[in-house]
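Just so it is clear, none of the values below were taken in a lab; they were calculated from the coordinates. Only a predicted model underlies this, so the values are computations on that prediction, with no experimental measurement involved. Here the Cβ is made from the backbone with ideal geometry for all residues, glycine too, and neighbour counts use every protein chain on show.
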Amino acid sequence: MGVIEQSDMLLDSGLGHGTRLLLRNKRLLDGPSSAPSLLFVHGATYAASLVFDYDIDGQSWMDRLARAGFDVWCVDLPGYGGAERPPAMADAAADHPPLTTTAEAEAATLRAVRHILESRGVPRLHLIGYSWGTAICGGLAAAHPALVDRLVLLGALWTGVTGRTVNTTAGGLAAHRDVDAAAAAARWVINLDPAQIAAVVPPGRIDAWVANTLASDGGLAPAGELRVPAGVVADIQRFWLNGTPTYDPRQITAPSLVIMGEWDHETTPAQGWEVFQRLTAAATPPALASVWATQASIRRGGTTAAICAGSRLITQRAAAAAASRSRWAARPPAVVLTVRPVTPVHSAPSRTKRSTSSGWAAARPPQIAVPQE
């Protein structure tokens, strides 16, 4: 199976308060020097090292991709996971402005990207962003297209977010926020009934993940809680709730995949579809995957459909690359990956096409499942 080599380093975030971010790397010890580099970027609350490198049934997603021949990296932004905490996180939240905003996170992630590219001697890498991380990666891919080879947006954040689980009112525009075990566990089963919960996660797995995550706090929050920056809360209030996204998907040129969880009540399929429709400048037709699970299956273990769909996108060119974009003046055709039949709620534009084993073929509009609120 091959031995995986892991290395962690702290890199200056460039955010002005002297705080360093964590960069973790995993790759096969005897793997090829030409292995493509890939960077995971986390969401609003839980660090990449606690999500993408969380061991489930003997391996993490980072392990899986390292064994598939990738040079795999993840970044914990300042205030999260293994990164250093800004000094203000030790003070009362009301004493300082929100920490680690989207713009700051994007700037810090860009420093991580440039470090990876320089250390590996390559011009570009793959990006996988989750939840808030999709805004970070989307903004980076739009502003620095030459640095991004492939882009995966997993649980894409867009306008229409309700703020049900990232509280956008309590505490106002404070520096940081604390999350307890009950809130952390409840977040992954929002609006799911017991049968749905049983279908997507084995008993005890959420509790085990919560315990591991809260243990990463470092003693800043009250016992049994996790303290994280609140910059994303400020941005949800300032931008997303006001219908103003922080980036423009129409400026993204990298081949892109949007993955949405059918039962995701936070970054909903409706939001993912809005992002997908705007990927009009992608070098190859964008792809959309509807996954049977809440939160796009990151934490529920094993070989998930989201992992497989994301891996396929970045290990091979979309089948649509052979199709001439000149035939689609308005926007490129779309590749739609339906991992499980979904409940029809509304249809995508009828011009959408799908890839088949025999090449391009006309398809019925893909059905996008929008959870009932």
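Could you tell me which of rounded, prolate or oblate describes segment 23-103, using a ≥ b ≥ c as the square roots of the eigenvalues of the alpha-carbon gyration tensor, with rounded for a/c under 1.5 and, failing that, prolate when a/b is larger than b/c and oblate otherwise?
Cα axes put segment 23-103 in the prolate bin.
Once you put a point 7 Å from the Cα of residue 55 and another 7 Å from the Cα of residue 144, both along the Cβ direction, what distance in nm separates them?
Taking the two extended label points, one gets 3.3 nm.
Please label the shape of segment 66-221 as rounded, prolate or oblate, based on the square roots a ≥ b ≥ c of the eigenvalues of the alpha-carbon gyration tensor (a/c under 1.5 means rounded; beyond that, a/b larger than b/c means prolate, else oblate).
Details: a/c = 1.66, a/b = 1.24, b/c = 1.34.
Verdict is oblate for segment 66-221.
Give me 217, 180, 95 sorted ascending by neighbouring Cβ count inside 10 Å, so fewest comes first.
Details: 217 19, 180 16, 95 9.
Ranked by crowding around the Cβ, least crowded first: 95, 180, 217.
Please compute the alpha carbon radius of gyration of segment 166-244, then divide it by the globular-protein estimate 2.2 N^0.38 Å. Two decimals is fine.
1.28
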